[in-house]
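Okay, so here's the structure we're looking at.
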Amino acid sequence: MTLLDLTPDEVLTTTRSVRRRLDLDRPVEPEVVEECLRIALQAPSGSNQQGWHWIVVTDPELRAGIAEYYRRASTAYLDAGGPARDSFEGERLAVQQRVTDSARYLAENLHRVPVHVIGCLEGDATQVPAQLQAGFWGSLLPAAWSFMLALRARGLGSAWTSLHLRYADEVAKLLGIPPNVSQGVLLPVAYTIGTDFRPAPREPLASVLHHDRW
């Protein structure tokens, strides 16, 4: 596997949520996914417990099952208005509309994405007190992001998704996930159509930076 000629800063700033530009027809080698997961396992976790588990789904029927639950949840979410856009205007509103359109595209085509990776964590999230939720999920989410960065460096992409969690019990039954294991993220994985991703528009640092006090 050839790495893209990207600096660490370029990997960090150009790893995007890829939906429309996922190559739905090109196979993904299992060893590439596993290489990226080995890198992800170097991420930090609470008390160094490493209670994560990773389900790599390539079976077409299972992918179709996951995709159907995702489509149901996504349709309900987007038809209800999706992310609030009342505060958006002009260019930001146009960007948000593109995000919404690409989210619909993914929902309609998730079954065609060659690999689904579901990151899980030992423990029942519903039993974790509110004040400990950040620590609980902080033991999984950095590893999932590291996985996405490793994909980017190898010419693959993904999108951070969690809408399927509306049907977490059904997906758990489909995949045989034990009841004491919580799903945290669904990452559709494919090679990208082109690798020329750029940094996304963001608020200026000055608008979100606070020194000492808010």
**Request:** Just report the Cα centroid separation between the range 96-119 and the range 35-55, whole Å.
**Result:** 24
**Asked** Counting only protein heavy atoms and using a 1.4 Å probe, what share of the accessible area of the chain belongs to carbon plus sulfur, as a whole percent?
**Response** 52
**Message:** Could you sort ARG198, ARG19, ARG26 by their accessible area in this structure, using a 1.4 Å probe and putting the largest first?
**Reply:** ARG198, ARG26, ARG19
**Request:** With a 1.4 Å probe and every protein chain left in place, tell me how much accessible area HIS211 has, in Å² to the nearest 10.
**Result:** 140
**Item:** Size of charge dipole - the chain - debye, nearest 20, with Cβ of Lys, Arg +1 and Asp, Glu -1, no other charges
**Value:** 340
**Fill in**
Descending accessible area (1.4 Å probe), largest on the left, turns SER47, SER207 into SER47, SER207
**Accessible area in square angstrom per residue, the chain, 1.4 angstrom probe** = 58
**Asked** Once the whole set of protein chains is in place, how much accessible area is left on VAL28, using a 1.4 Å probe, in Å² to the nearest 10?
**Response** 20
**Asked** Each residue of the range 184-200 in turn: what ³J(HN,Hα) in whole Hz from Karplus with 6.51, -1.76, 1.60 and θ = phi - 60°, glycine and Pro shown as x?
**Response** x, 7, 10, 10, x, 10, 7, 5, 9, 7, x, 10, 8, 7, 10, x, 8
**Item:** Residue-span extension gain [VAL11 to GLU170] - 0.36 nm each, minus C-alpha spacing
**Value:** 53.7 nm
**Per-residue [θ]222 nm for the chain (sum of -39500 (n - 2.57) over DSSP H runs n ≥ 4, rounded to 500)** = -12000 deg cm²/dmol
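The values are calculated or read from the model by the stated rules, or taken from the named source; none is laboratory data. Bear in mind that the values here come from a model prediction, so they are computed numbers and not experimental data. Note that we place each Cβ from the backbone using ideal geometry, even for glycine, and neighbour counts take in every protein chain shown. To get the accessible areas, we keep the full protein, side chains included, count just its heavy atoms, and leave off ligands, DNA and RNA. Shrake-Rupley method; radii C 1.70, N 1.55, O 1.52, S 1.80 Å.
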